[in-house]
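Novice: Take this structure first; my questions come after.
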């Protein structure tokens with residue numbers, strides 16, 4: 001039993017309109033679900049992914065308006081690593097990001113930059129056969145678009161035995177997991193001497209992908225390994241288990257399905273606020289307190 005790479009990465013923003021602009025207009029991802037944090041329905045949960053909203057391409061954000069800037073420290077992920085298809089794609093992104101005023105750092109087959117709130121990102125040339133998970137965008141040719149997650153980088157000292165029990169394999173300093181559909185990795189490094197502070201521009205957790213059939217078995221395996229998992233939580237679009245691994249990083253194991261098209265036409269994902277059925281009765285209370293957001297694709301026909 002192996003985890004199918006990264007399912008999604010969830011982060012924090014203090015500026016939902018700016019967040020939507022950066023991830024949809026600049027990076028070319030699709031807003032595939034506009035919903036609320038199911039543990040705090042007064043704040044957004046925004047999901048960006050490829051055109052179909054596949055796991056493996058899905059970066060998500062909780063919005064806490066005007067949240068103070070955070071800083072990654074021990075037990076926290078500090079960089080999200082994406083795949084692109086070629087060195088030419090890295091050149092494209094270096095030019096596009098620079099033109100948008102973002103500082104970039106090229107290093108061989110990788111390109112590093114940060115989002116407007118300081119969250120680290122890295123693009124790397126893909127050397128795996130996984131299906132490219134690409135979103136459509138009028139300014140970004142498909143051959144240079146982001147192709148989904150490669151891995152994440154974290155601060156902390158990993159527990160080799162614990163990760164091995166979860167099926168991760170250590171290779172070149174990274175802990176890799178690969179199953180039927182995709183693969184991905186996490187790499188740990190020594191933490192800076194300043195303490196980590198959660199806030200805008202930080203990662204909340206990384207989710208690894210499981211089949212629906214194996215989900216209970218993963219819960220039991222984490223428990224046997226000493227990971228103290230939550231019970232399985234139904235998030236409607238997927239099911240979730242949460243636990244902190246020994247270095248302190250918050251892990252989730254999320255299912256490959258049911259998926260974001262369960263309650264929306266795939267052609268219109270992300271255009272309006274969607275609440276899971278168990279939260280629909282709160283709409284009149286939560287909708288007025290959420291930051292107004294445009295449909296990022298509404299003006300595409302005029303471009």
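Novice: I'd like the residue in the range 116-161 that is free of Cβ contacts under 8 Å to residues at least 60 places away in the same chain and in a strand (DSSP E or B) and, out of all such residues, is farthest from residue 191 (Cα to Cα). Outline the logic, then answer.
Specialist: First, the residues of the range 116-161 that are free of Cβ contacts under 8 Å to residues at least 60 places away in the same chain: 120-129, 131-132, 141-143, 160-161.
Those still in the list that are in a strand (DSSP E or B) too: 120-125.
Values: 120: 15, 121: 18, 122: 18, 123: 22, 124: 23, 125: 26 Å.
Here the answer is 125.
Novice: Out of all the residues in the range 81-94, which are touching a residue at least 60 places away in the same chain (Cβ under 8 Å) and touching a strand residue (DSSP E or B) at 6+ places or on another chain (Cβ under 6 Å)?
Specialist: Within the range 81-94, 81, 82, 83, 84 meet the criteria.
Novice: Check whether at least one residue in the range 232-241 is assigned to a loop (DSSP other than H, G, I, E, B), free of Cβ contacts under 8 Å to residues at least 24 places away in the same chain, surrounded by fewer than 19 Cβ atoms within 10 Å (Cβ to Cβ) and touching a strand residue (DSSP E or B) at 6+ places or on another chain (Cβ under 8 Å), and report yes or no. If you could, list the steps in order and put the result at the bottom.
Specialist: Narrowing the range 232-241 to residues assigned to a loop (DSSP other than H, G, I, E, B): 232, 235-238.
From what is left, the residues that are free of Cβ contacts under 8 Å to residues at least 24 places away in the same chain are 232.
Filter once more, keeping what is surrounded by fewer than 19 Cβ atoms within 10 Å (Cβ to Cβ): 232.
Remaining after also requiring touching a strand residue (DSSP E or B) at 6+ places or on another chain (Cβ under 8 Å): 232.
Checking the range 232-241: at least one residue is assigned to a loop (DSSP other than H, G, I, E, B), free of Cβ contacts under 8 Å to residues at least 24 places away in the same chain, surrounded by fewer than 19 Cβ atoms within 10 Å (Cβ to Cβ) and touching a strand residue (DSSP E or B) at 6+ places or on another chain (Cβ under 8 Å).
Novice: I'm checking my understanding of the structure. Among residues of the range 95-115 that are in contact with a strand residue (DSSP E or B) (Cβ under 6 Å, 6 or more places away or on another chain) and touching a residue at least 12 places away in the same chain (Cβ under 8 Å), which one is nearest to residue 138 (Cα to Cα)? Quick ask: steps written out before the conclusion?
Specialist: To start, the set of residues in the range 95-115 that are in contact with a strand residue (DSSP E or B) (Cβ under 6 Å, 6 or more places away or on another chain) comprises 97, 102, 104-105, 109-114.
Still in the running and touching a residue at least 12 places away in the same chain (Cβ under 8 Å): 97, 102, 109-114.
On the way: 97: 16, 102: 21, 109: 25, 110: 24, 111: 22, 112: 24, 113: 22, 114: 23 Å.
Among them, the one singled out is 97.
Novice: Being over 30 Å from residue 162 (Cβ atoms) and surrounded by 13 or more Cβ atoms within 10 Å (Cβ to Cβ): is that true of residue 271 here? Explain how you work it out, then say what you get.
Specialist: Working: over 30 Å from residue 162 (Cβ atoms): yes; surrounded by 13 or more Cβ atoms within 10 Å (Cβ to Cβ): yes.
Answer is yes for this residue.
Novice: State the number of residues belonging to the range 246-284 that are touching a residue at least 12 places away in the same chain (Cβ under 8 Å) and outside any loop (DSSP other than H, G, I, E, B).
Specialist: 15
Novice: OK, next. Give just the number: which of (1) buried (at least 21 other Cβ atoms within 10 Å of the Cβ); (2) free of Cβ contacts under 8 Å to residues at least 24 places away in the same chain does residue 29 not satisfy?
Specialist: (2)
Novice: Can you confirm whether residue 227 is over 27 Å from residue 67 (Cβ atoms), touching a helix residue (DSSP H, G or I) at 6+ places or on another chain (Cβ under 9 Å) and not in a helix (DSSP H, G or I)?
Specialist: Values: over 27 Å from residue 67 (Cβ atoms): yes; touching a helix residue (DSSP H, G or I) at 6+ places or on another chain (Cβ under 9 Å): yes; not in a helix (DSSP H, G or I): yes.
The answer is yes for residue 227.
Novice: Output the residue which, of all residues in the range 83-102 that are in contact with a helix residue (DSSP H, G or I) (Cβ under 9 Å, 6 or more places away or on another chain) and surrounded by fewer than 17 Cβ atoms within 10 Å (Cβ to Cβ), is nearest to residue 184 (Cα to Cα).
Specialist: 86
Novice: Now for a separate question. Examine the range 126-135 for a residue that is within 26 Å of residue 204 (Cα to Cα) and touching a helix residue (DSSP H, G or I) at 6+ places or on another chain (Cβ under 6 Å), and state whether such a residue exists.
Specialist: Yes.
Here is a yes/no grid of residues against (1) free of Cβ contacts under 8 Å to residues at least 24 places away in the same chain; (2) within 19 Å of residue 183 (Cα to Cα); (3) in contact with a strand residue (DSSP E or B) (Cβ under 6 Å, 6 or more places away or on another chain):
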| position | (1), (2), (3) |
| --- | --- |
| 42 | no, no, no |
| 46 | no, no, yes |
| 50 | no, yes, no |
| 53 | no, yes, yes |
| 65 | no, no, no |
| 79 | no, yes, yes |
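Novice: Looking at the range 112-125 only, could you name the residues that are touching a helix residue (DSSP H, G or I) at 6+ places or on another chain (Cβ under 7 Å) and closer than 14 Å to residue 92 by Cα?
Specialist: Here is the first cut: in the range 112-125, the residues touching a helix residue (DSSP H, G or I) at 6+ places or on another chain (Cβ under 7 Å) are 113, 115-116, 123, 125.
Within the range 112-125, 113, 123, 125 meet the criteria.
Novice: State yes or no: is residue 108 under 29 Å from residue 196 (Cβ atoms), assigned to a loop (DSSP other than H, G, I, E, B) and under 16 Å from the mean Cα position of the chain (by Cα)? Break it down stepwise before answering.
Specialist: Working: under 29 Å from residue 196 (Cβ atoms): yes; assigned to a loop (DSSP other than H, G, I, E, B): yes; under 16 Å from the mean Cα position of the chain (by Cα): no.
Answer is no for this residue.
Novice: Let me ask another. Hey, any hits in the range 5-13 for a residue that's outside any helix (DSSP H, G or I), at pLDDT 95 or above, out of contact with any strand residue (DSSP E or B) (no Cβ under 7 Å at 6 or more places or on another chain) and under 26 Å from residue 255 (Cβ atoms)? Write out each step before concluding.
Specialist: In the first step, residues of the range 5-13 are kept if they are outside any helix (DSSP H, G or I); the result is 5-13.
Right, trim to at pLDDT 95 or above and you get 5-13.
From the residues that got through so far, the ones that are out of contact with any strand residue (DSSP E or B) (no Cβ under 7 Å at 6 or more places or on another chain) too are none.
Among the residues of the range 5-13, not one is outside any helix (DSSP H, G or I), at pLDDT 95 or above, out of contact with any strand residue (DSSP E or B) (no Cβ under 7 Å at 6 or more places or on another chain) and under 26 Å from residue 255 (Cβ atoms), which makes the answer no.
Novice: Hey, any hits in the range 63-82 for a residue that's in contact with a helix residue (DSSP H, G or I) (Cβ under 8 Å, 6 or more places away or on another chain), surrounded by fewer than 17 Cβ atoms within 10 Å (Cβ to Cβ) and at pLDDT 95 or above? Break it down into steps so the answer makes sense when it comes.
Specialist: Going residue by residue through the range 63-82, those that are in contact with a helix residue (DSSP H, G or I) (Cβ under 8 Å, 6 or more places away or on another chain) are 63, 65.
Filter once more, so that each one left must be surrounded by fewer than 17 Cβ atoms within 10 Å (Cβ to Cβ): 65.
Next, from what is left, pick out any that are at pLDDT 95 or above: 65.
Yes, there is a match, as at least one residue in the range 63-82 is in contact with a helix residue (DSSP H, G or I) (Cβ under 8 Å, 6 or more places away or on another chain), surrounded by fewer than 17 Cβ atoms within 10 Å (Cβ to Cβ) and at pLDDT 95 or above.
The values are calculated or read from the model by the stated rules, or taken from the named source; none is laboratory data. Model, not experiment: these values are computed from the prediction. Glycine gets a Cβ as well: all are built from the backbone with ideal geometry, and neighbour counts include every protein chain shown.
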